Amino acid sequence: MVASAFDSDDLSNEAKVVVMGSVLLQYLNIYGNTDDDTNSKDENRRRKTSEARYDIITSVINSGLEAASNIDADTEDKATLDSVWDRVIETVSTLLLPPKDNRYDGYAYHSKSILNIVAIALSHLPTRKLTLVEPMLENGANLAVEVAFECNEKAYNQDDEDIPYSQAAEGAM
Amino acid sequence: MTRIYLIHKPPRVPCKFGFIVQSSVTNQYSYLIYHPNSHVFLACFMGLCQKMPTCPAVNSLTNQILGETIDSDEDDLSEKMRLQSKTRHSLAIAVCESLSTATSQDLLVGLFPLLCRLTNVENDGLRRAAGKILGGMNLSEAISRERQRADQADLRAKEIEEENIAMLEEIEYLQKENEELQRQVSGYSAT
């Protein structure tokens, strides 16, 4: 419902940005990186990550960021939207830098969505925020390379058959 | 394979497998359609190439991936090594595809030796990808720009040298004048 409402022209830019902020906050609360808080990670949560509805998140980010760009272009006070941009960057970081205990799910099942979300975020982020994006993309690329080789090795050794290592290796590249 | 399109206007809505970025140099939008099995590394590296082509990460990742690919280009590999080699080639092709969308000629000129070495590897796809970047490079412009920069540096060096000579002459003149004045002062004090 949220995704389809976003596609209509009835919602104002401000409303779209507020809803996107709220959806991203919710996403970060559930799937955000919490390597320092390993106790809160359980099997149930790991399963949920692989079933996350990235199609909805992609659609919300797409319309929300377009709305945010429009507001950003029309306002003098650029700092107003900084928290929104920062939250978007945090969400993309979570996608590109998954926690160690759930390292392969995103690459195996959601790499297309990750690609789309990165693309949409980069096409809308204002130039002043690019310095924050650089380390994120660099670390994301390095981790993807690491995962691709690691998954090849595991696929060859036929480790844990429940995890689709070949699929994760392909998604990582 | 990844296909890349450069268009002048973005589509109204980003398509499902699309990637739209605007070049800060040409203001053109690059619109990329991806192969469904090639994603996260390509998304990150292409983002770096198009948004921050001069950042150190682009150079270090390129040198790392292309360098390792060139060094490990061997014929006789075990099955396991062949699998790793295939991954390395896929990553190297992703690097080349990304570099071919970068608008920074400085970045490409800096990678020229590495790209030349890449045209000599066994893998056809990789050779073609490297050739495509080399073919798109405007080397004569880069050379003439560097020559212009060198000429300007030479000119500036000459100007500074002339200034230096003039200052040395000035110092010599002032020293002589100083000696003369000191002589006059000592002459007065003697009388």
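Taken together, the values in this text are just the output of simple stated rules run on the coordinates, not laboratory data. Note that the structure is a prediction, hence the values are computed from the model and not measured. Using ideal geometry, Cβ is built from the backbone for each residue, glycine included, and neighbour counts are taken over all protein chains shown.
What FRET efficiency do you get for B:GLU79 and A:ILE89 if R0 is 41 Å and r is their Cβ-Cβ distance, rounded to the nearest 0.05?
0.50
What ranking do A:ILE89, A:ILE57 get, fewest neighbouring Cβ atoms within 10 angstrom at the top?
With the fewest neighbours first, A:ILE89, A:ILE57 line up as A:ILE89, A:ILE57.
What nm value, rounded to one decimal, do you get for the distance between A:SER166 and B:ALA142 when each label is placed 7 Å out toward the C-beta?
Distance between the two pseudo-spin positions: 4.0 nm.
Hey, got the average number of other protein chain Cβ atoms within 10 angstrom for residues in A:142-154?
Per residue, the number of nearby Cβ atoms from other chains is 4 on average.
Output ³J(HN,Hα) for segment B:159-169: one whole-Hz value per residue in order, computed from phi by the Karplus curve 6.51 cos²θ - 1.76 cosθ + 1.60 with θ = phi - 60°, and x for Gly and Pro.
Result, rounded to whole Hz: 4, 5, 4, 5, 4, 5, 4, 4, 5, 5, 5.
Do any of A:LYS112/B:LYS86; A:LYS78/A:LYS129; A:LYS154/B:LYS86 go past 18 Å between their Cα atoms, and which?
A:LYS112/B:LYS86
Between A:GLU76 and A:PHE149, what is the spin-label point distance in nm, taking each point 7 Å from the Cα along the Cα→C-beta axis?
5.4
At 7 Å along Cα-to-Cβ for each site, give me the label-to-label distance between A:GLN158 and B:THR119 in nm.
According to this spin-label approximation, the distance is 4.5 nm.
Please rank A:CYS151, B:CYS55, fewest neighbouring Cβ atoms within 10 Å first, as an exposure proxy.
B:CYS55, A:CYS151
Which order do B:LEU83, A:LEU24, A:LEU137 fall in if you start with the one that has the fewest other Cβ atoms within 10 Å?
Ordered by Cβ neighbours within 10 Å, fewest first: B:LEU83, A:LEU24, A:LEU137.
How about segment A:84-173: which GluC sites (Glu not before Pro) there are in a DSSP loop, with at most 15 other Cβ atoms within 10 Å of their Cβ?
Passing both the DSSP loop test and the Cβ count: A:GLU161.
Can you list which of the chymotrypsin sites (Phe, Trp or Tyr not before Pro) found in segment A:78-138 are DSSP loop residues with at most 11 other C-beta atoms within 10 Å?
Of the chymotrypsin sites (Phe, Trp or Tyr not before Pro), not one in the loops of segment A:78-138 has a Cβ with at most 11 other Cβ atoms within 10 Å.
Per-residue HN-Hα couplings for segment A:58-73, Karplus 6.51 cos²θ - 1.76 cosθ + 1.60 at θ = phi - 60°, whole Hz, x for Gly and Pro?
Computed from phi, the couplings for segment A:58-73 are 4, 5, 5, 5, 4, 6, x, 6, 5, 4, 4, 4, 4, 5, 4, 6 Hz.
Which FRET efficiency, nearest 0.05, do B:LYS86 and A:ASN29 yield, Cβ-Cβ r, R0 35 Å?
According to the calculation, E is roughly 0.35.
Starting at the first residue of segment A:128-144, write each ³J(HN,Hα) from the Karplus equation 6.51 cos²θ - 1.76 cosθ + 1.60 with θ = phi - 60°, in whole Hz, x for Gly and Pro.
Using θ = phi - 60°, the values come out as 5, 9, 5, 5, 7, 7, 4, x, 5, 5, 5, 5, x, 5, 4, 5, 4 Hz.
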